[in-house]
Amino acid sequence: MSRMLLSPFVKFLFLEGVEQNQKGEVVSEKQNKYKHRFPSSSLYLLPHISSIFLCNFSLHPPPSISSSLSGPADIDSMATIGHNNLNAKLVLLGDMGAGKSSLVLRFVKGQFLEFQESTIGAAFFSQTLAVNDATVKFEIWDTAGQERYHSLAPMYYRGAAAAIIVYDITSTESFARAKKWVQELQKQGNPNMVMALAGNKADLEDKRKVTAEEARVYAEENGLFFTETSAKTAVNVNDTFYEIAKRLPRAQPAQNPAGMVLVDRPAESSQAASCCS
Amino acid sequence: MDEEYDVIVLGTGLKECILSGLLSVDGLKVLHMDRNDYYGGESSSLNLIQLWKRFKGNDKPPASLGSSRDYNVDMIPKFMMANGTLVRVLIHTDVTKYLYFKAVDGSYVFNKGKVHKVPANDVEALKSPLMGLFEKRRARKFFIFVQDYDENDPRTHEGMDLTRVTTRELIAKYGLDDNTIDFIGHAIALHRDDCYLNEPAIDTVKRMKLYSESIARFQGGSPYIYPLYGLGELPQAFARLSAVYGGTYMLNKPECKVEFDEEGKAVGVTSEGETARCKKVVCDPSYLPNKVRKVGRVARAICIMSHPIPNTSDSHSVQVILPQKQLGRKSDMYLFCCSYSHNVAPKGKFIAFVSTEAETDHPESELKPGIDLLGPVDEIFYDIYERFEPVNEPSLDQCFISTSYDATTHFESTVMDVLNMYTMITGKVLDLSVDLSAASAAEE
Ligand SMILES: Cc1cc2nc3c(=O)[nH]c(=O)nc-3n(C[C@H](O)[C@H](O)[C@H](O)COP(=O)(O)OP(=O)(O)OC[C@H]3O[C@@H](n4cnc5c(N)ncnc54)[C@H](O)[C@@H]3O)c2cc1C
Ligand SMILES: Nc1nc2c(ncn2[C@@H]2O[C@H](COP(=O)(O)OP(=O)(O)OP(=O)(O)O)[C@@H](O)[C@H]2O)c(=O)[nH]1
Ligand SMILES: [Mg+2]
């Protein structure tokens, strides 16, 4: 048979790639062969590579490949991911001014700003921790203020493996708000979510309005892990994240693997990307 | 709330949320309100309880369907072209980081009473019964022409000016039969009716190229992708973008009455006795019913099933296009099916939609050919919704109203509407091609 006859009518999709072997069968080709045909596209889909890797995510959709502060997609790290690597989405909730952003800033950058502005702008961070034999990469979501008028999108807690509910120990109102968030998470969130209650601004002992005892009792009743923190002095900040990392459930079978994040593929990572496709 | 904003956006549908995000990123002070207590307006995804409230007037879905929370049923179902404009906007705005996608298993077409796979690779094409061998040979020549066609390179034009030559004339040159034309026009170029035959061929050629580029993005069985947890995630993701750039969000605001000055210019929005002032109002048609007109209606059926659509190789996500000619109708009918594999239903359940531009007042009988392809269903809801478009003059009243999600539920037209509105509001053109240079840098 002539090559013409064997050619598929949608061969235009694969124009360069279709080949026949000696017996005249069509040999399926690799995508890379015709990739250059479509220079107009900026989109590369990166399926999550190893299934071992995916097995580690149980609570939440597969990891985002985009990292936050660091800019372009962090694909290389994908290649090194082994058995004990976990990605975990972590959300922060709490009253305005309780110190959510300050806690993240302390944890991610080791900084503290006396006049931290109400959160606008970068509200997505990532930080990796080594815990025992595993590494946990936290994807940290700050609220961006949507909760102020009770308008937080459910997407915010969707797939979150952990939540830190923050209140300010100098404000009883902020403690009351924290309890509301706990209720909301119990209703909406993932039932296996690891929840931490953080009484922040522990350095302001002389202005304290919420006793540690009161908060501890509440936390115990609700199955939360409790700690008092200070983003200012750094007390208990890293420890809180470590403790969460330790408590994250390991190696549960993935409910639904294989989601992918769309990224604008940077040139230098083309190799890593093609190994995934 | 008693503040002054550059823009107040009403309704949190996808279009409004994309605009809100783009405007906030531009540094404008945005207040975004919705009368509902959930995001998404018409483009939300509902859980079972919400679905029952909306279509059955009660909130008691049968327990046999599983947990309400496990359902995310799109109100405007559609798949995204892997290489389409919406994807470009997602990447341009970096909203992709909030979303997870999965490829759609297959695209099918209804032909002479049967459902056939639209071939996604050479092997499938070879086996496909959609065309005879000689027709395949003729079609191949046409596909090669389309593949090589480059608007800016006259050598690829074979002496034709595709902005003048009609699609009918172009296809005639290749001697394709009506069946093939139907297939190309509806299953690949994704036209909704046959008007394209008399229109300049350039549009069809571009659509075919888009299809092939999208299919080449991944070695899946279709050119489509779809977000985990349903399309309702999209407006939420853009709303977060807006909030991250300082946009203020208020859901559950009743009334949202737009206030005008003596000249008829929008000056603010009142809700619950408080008025927020603004320079411009952006909204969906439901917030300014006096400034829109009805342009059509969509008939649809929403079904919950316990099996995939028959004859689609057990695809857990699939589209079936029923070209109008195959049904003796004026517009195409679409089946759309998604399942637990995209986290829109509990394990073992499938959500199927049948939709078309309504031609009668009886959606049940009109949609029958599509519903017949589904097999037994656990639950079915019929619905007709009306589509509106704005009739106001935004330069006079400062009201920027989106067009209803058109019958096509077409992201391309959705995004075009958004981009046009963005230009009207800001006087600027959003340049999505900036992404393209990054892409060429990524070439091997
Ligand atoms: C009543 C009705 C119901 C429908 N229901 C469904 C449904 O349930 N599920 C479903 O998947 N589809 C449905 N469709 C089809 C839908 O309109 C789209 O054709 C299809 O989903 C294609 O994807 P998109 O629009 O999401 O992709 P997009 O990313 O928006 O792009 C693809 C579409 O835009 C056009 N296009 C994009 N770029 C260009 C360009 N540069 N030049 C010219 N054209 C371009 C293409 O023809 C294509 O249709 C329905 C259509 C109608 C009329
Ligand atoms: N003394 C003291 N001040 C703190 C501490 N943590 C935060 N602050 C201050 O409290 C204020 C609010 O902190 P943010 O981190 O912005 O609080 P937030 O919860 O992110 O607030 P929103 O983004 O508005 O919701 C800032 O002025 C911080 O400097 C702390 O541990 N001790
Ligand atoms: Mg903050």
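At a glance:
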{"quantity": "Extension gain (nm, one decimal) between B:Asp383 and B:Lys294, 0.36 nm per residue minus Cα-Cα", "calculated": "30.4 nm"}
{"quantity": "Max mean-square fluctuation residue, GNM over chain B, Cα-Cα springs under 10 Å, options B:Pro154, B:Pro62, B:Pro310", "calculated": "B:Pro154"}
{"quantity": "Centre separation in Å (Cα based) which lies between the range B:182-209 and the range B:354-378", "calculated": "24 Å"}
{"quantity": "Residues whose placed amide H lies under 5 Å from that of B:Phe400, excluding near-sequence neighbours", "calculated": "B:Val281, B:Val282, B:Cys283"}
{"quantity": "Average Cα contact separation per residue, chain B, under 8 Å, 6 or more apart, as relative contact order %", "calculated": "23 percent"}
{"quantity": "Theoretical gain in end-to-end length, B:Glu359 to B:Arg164 [0.36 nm per residue, Cα-Cα removed]", "calculated": "67.1 nm"}
{"quantity": "Sequence-distant residues sharing a close amide H with B:Gly40 (under 5 Å, placed H)", "calculated": "B:Thr12, B:Gly13"}
{"quantity": "Shielding by other protein chains, B:204-212, mean Cβ within 10 Å", "calculated": "2"}
{"quantity": "Listed residues B:Phe183, B:Phe260, B:Phe101, most fluctuating in chain B (Gaussian network, C-alpha, under 10 Å)", "calculated": "B:Phe260"}
{"quantity": "C-alpha center-to-center spacing [the range A:150-200, the range B:80-138] in angstrom", "calculated": "42 Å"}
{"quantity": "Per-residue average of Cβ from other chains inside 10 Å of B:77-88", "calculated": "2"}
{"quantity": "Phi to ³J(HN,Hα) by Karplus 6.51 cos²θ - 1.76 cosθ + 1.60 over the range B:385-397, Hz, x for Gly, Pro", "calculated": "10, 8, 10, 10, 9, x, 10, 7, 10, x, 5, 8, 9"}
{"quantity": "GluC sites (Glu not before Pro) lying in DSSP loop within the range A:110-187, provided at most 10 other Cβ fall within 10 Å", "calculated": "A:Glu114, A:Glu117"}
{"quantity": "Principal axes of the range B:333-408: Cα extent on each, largest first, Å", "calculated": "53, 32, 16"}
{"quantity": "Shielding by partners - mean other protein chain Cβ count within 10 Å, residues of B:100-108", "calculated": "4"}
{"quantity": "Choice from B:Val267, B:Val298, B:Val244 showing the highest fluctuation, given a GNM over chain B with Cα pairs closer than 10 Å", "calculated": "B:Val244"}
{"quantity": "q = 0.24 Å⁻¹: log10 I(q)/I(0) that the Debye formula gives for the range B:118-217, counting C-alpha atoms only", "calculated": "-1.53"}
{"quantity": "Dmax and Rg, reported as Rg then Dmax, of chain B (C-alpha, Å)", "calculated": "22.6, 72"}
{"quantity": "Distance violations [Cα-Cα > 25 Å] among B:Lys127/B:Lys368; A:Lys100/A:Lys207; A:Lys180/B:Lys347; B:Lys78/B:Lys102; B:Lys102/B:Lys368", "calculated": "B:Lys127/B:Lys368; A:Lys180/B:Lys347; B:Lys102/B:Lys368"}
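Coordinate-derived values only; no laboratory data. Remember, predicted model here, so these are calculated numbers, not experimental data. Because the Cβ atoms are built from the backbone with ideal geometry, glycine has one as well, and the counts that use them run over all protein chains shown.
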